[in-house]
1. Just checking, how many residues over segment 30-86 are under 23 Å from ARG370 (Cα atoms), touching a Gly at 6+ places or on another chain (Cβ under 9 Å) and of a type in the set (Ser, Thr, Tyr)?
2. Spot the failing condition for ALA72; the list is (1) surrounded by 18 or more Cβ atoms within 10 Å (Cβ to Cβ); (2) farther than 23 Å from ILE367 by Cα; (3) touching a residue at least 24 places away in the same chain (Cβ under 8 Å), and only one is missed.
3. Got a sec? Which of VAL55, VAL66, VAL19, VAL40 is aliphatic (A, V, I, L, M) and more than 14 Å from the ligand (Cβ to nearest atom)?
4. For segment 352-364, give me each residue that is of a type outside the set (A, V, I, L, M, F, W, C), closer than 19 Å to SER297 by Cβ, in contact (Cβ under 8 Å) with a residue 12 or more places away in the chain and part of a helix (DSSP H, G or I).
5. Go through segment 242-272 residue by residue and tally those that are under 30 Å from GLY227 (Cβ atoms) and of a type in the set (Gly, Ala, Ser).
6. Considering only residues of segment 305-319 that are more than 20 Å from ASP350 (Cα to Cα) and out of contact with any helix residue (DSSP H, G or I) (no Cβ under 8 Å at 6 or more places or on another chain), which is surrounded by the most Cβ atoms within 10 Å (Cβ to Cβ)?
7. Within the set of pairs 6+ apart or on separate chains, which have a first residue in segment 76-96 that is closer than 23 Å to THR165 by Cα, a second that is of a type in the set (Asp, Glu), and C-beta atoms under 7 Å apart?
8. Output the number of residues of segment 131-146 satisfying the condition of being within 11 Å of the ligand (Cβ to nearest atom), of a type in the set (A, V, I, L, M) and over 11 Å from CYS168 (Cα atoms).
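The values are calculated or read from the model by the stated rules, or taken from the named source; none is laboratory data. Keep in mind that what you see is a predicted model, and the values were worked out from it rather than measured. Using ideal geometry, Cβ is built from the backbone for each residue, glycine included, and neighbour counts are taken over all protein chains shown. All accessible areas refer to the heavy atoms of the entire protein, side chains included, with ligands and DNA or RNA removed. Shrake-Rupley method; radii C 1.70, N 1.55, O 1.52, S 1.80 Å.
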Amino acid sequence: MDKKFFLRRCWAEIDLDTVKNNYLIYKRCLPEGMKIAAVVKADAYGHGDCSVAQVLQREGADYFAVSNINEAIRLRKHGIKGDIIILGYTPSEYAEILYEFDITQTIVSEEHANSLFLDSKNKIKCQFAIDTGMNRIGLNGENPEECERIIREYKDKLGLNGLFTHLCVADGDKDEDKAFTKRQIQIFKDVAGAVSDLNLPYIHYMNSAGGLFYAHDMPFGNLARLGIVLYGLKPDIENTLPDGIKPAMTWKTAVAMVKKIYPGETVGYGRTFTAESEKCVATLPVGYADGYNRLLSNRGYVVINGKKAPVIGRVCMDQITVDVSGIDGVKQGDEVILMGDGTDNALTADGMAQLTGTIGYEIVCDISNRVERIYI
Ligand SMILES: *Cc1c(COP(=O)(O)O)cnc(C)c1O
């Protein structure tokens, strides 16, 4: 094991070249001339927003998307120059800060638009969200005349520079999902079409899945908002990613101690694991406070010396126990892979998600800031 990691309890290695490659591969899948907004909200899905944005900026990326004003300001303070859009609601109390940091704000409703008006000289950059069936934020796209009226009304009051919608089943494979997605895109197209004379610079509807599965089917708009695939994970477990795209994060720890237990002995809180035969148990300094999901109790596995070691007993707040009976010579300090890129026998974030009934997005977002990020 690399000496510099020796004192670390558990850590996540982020391969920024992989992030860059994923970005470039995805870009090649899009129609010619389509821009990408790198979605770096939630600390770049746990990968480190400033590091990810900086590496992509060097690659020519000039559009970034976040979820709130703190994330946006942090990027600006770390030298991110391009457009930064906040994809959700920001209260009007922050209007002047949005202006000061040159941040683009999503408008969620007419009321919101009205509240963000500063004065006729200092206009906040913003874009209307159009709701095309997700029923989360935006003007109701089912009523295109109303959308048109509001967009025209605020075009000059605010620094309006675009419109977008969000697809909610673009990762779905069923006919019903495809029909719904096409309808969403059509509704959005109609709204955008009604105000095409305004020549708004950014018209966009694609998330990762939209770009993978609808960019060529229904080419339209000029920007794709690339999130999960940038990090090498799947929008839906059933999806196939383009060749070469792979997970950028490997989560590791090191063995804290190794011991033998004998038939009839139990392990951990609640005594949920009972040894039927003599076993060798390794304790690892990672737990649910690090984001190692408690549902992996007696269900997950880690990799030590290239071999799988099942989690036995309950995941604790700061420690877990794994069965290393089948692995020769495991000792204190040995490196352990908790989550990998799929080439090392370890679970990927998507694999962990399958075991815990969630999605890879949540697995990586849950890795807490107690887990040091190391960039390789
Ligand atoms: C999070 C988010 C995205 C990115 O979605 P992925 O599935 O991760 O690509 C795109 N658009 C909006 C509005 C979002 O909130």
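1. Summing the residues that are under 23 Å from ARG370 (Cα atoms), touching a Gly at 6+ places or on another chain (Cβ under 9 Å) and of a type in the set (Ser, Thr, Tyr) in segment 30-86 gives 2.
2. Evaluating ALA72 over (1) surrounded by 18 or more Cβ atoms within 10 Å (Cβ to Cβ); (2) farther than 23 Å from ILE367 by Cα; (3) touching a residue at least 24 places away in the same chain (Cβ under 8 Å) leaves (2) as the failure.
3. VAL55
4. GLN354, THR356 - these are the residues of segment 352-364 that are of a type outside the set (A, V, I, L, M, F, W, C), closer than 19 Å to SER297 by Cβ, in contact (Cβ under 8 Å) with a residue 12 or more places away in the chain and part of a helix (DSSP H, G or I).
5. Here is the first cut: in segment 242-272, the residues under 30 Å from GLY227 (Cβ atoms) are 242-253.
With of a type in the set (Gly, Ala, Ser) added as a condition, the list becomes 244, 248.
Total meeting the criteria: 2.
6. ILE312
7. So the pair list comes out as GLY82/ASP62; ASP83/ASP62.
8. Step one: list which residues in segment 131-146 are within 11 Å of the ligand (Cβ to nearest atom), which gives 134, 136-138.
Those still in the list that are of a type in the set (A, V, I, L, M) too: 134, 137.
Still in the list and also over 11 Å from CYS168 (Cα atoms): 137.
The number of residues fulfilling the criteria is 1.
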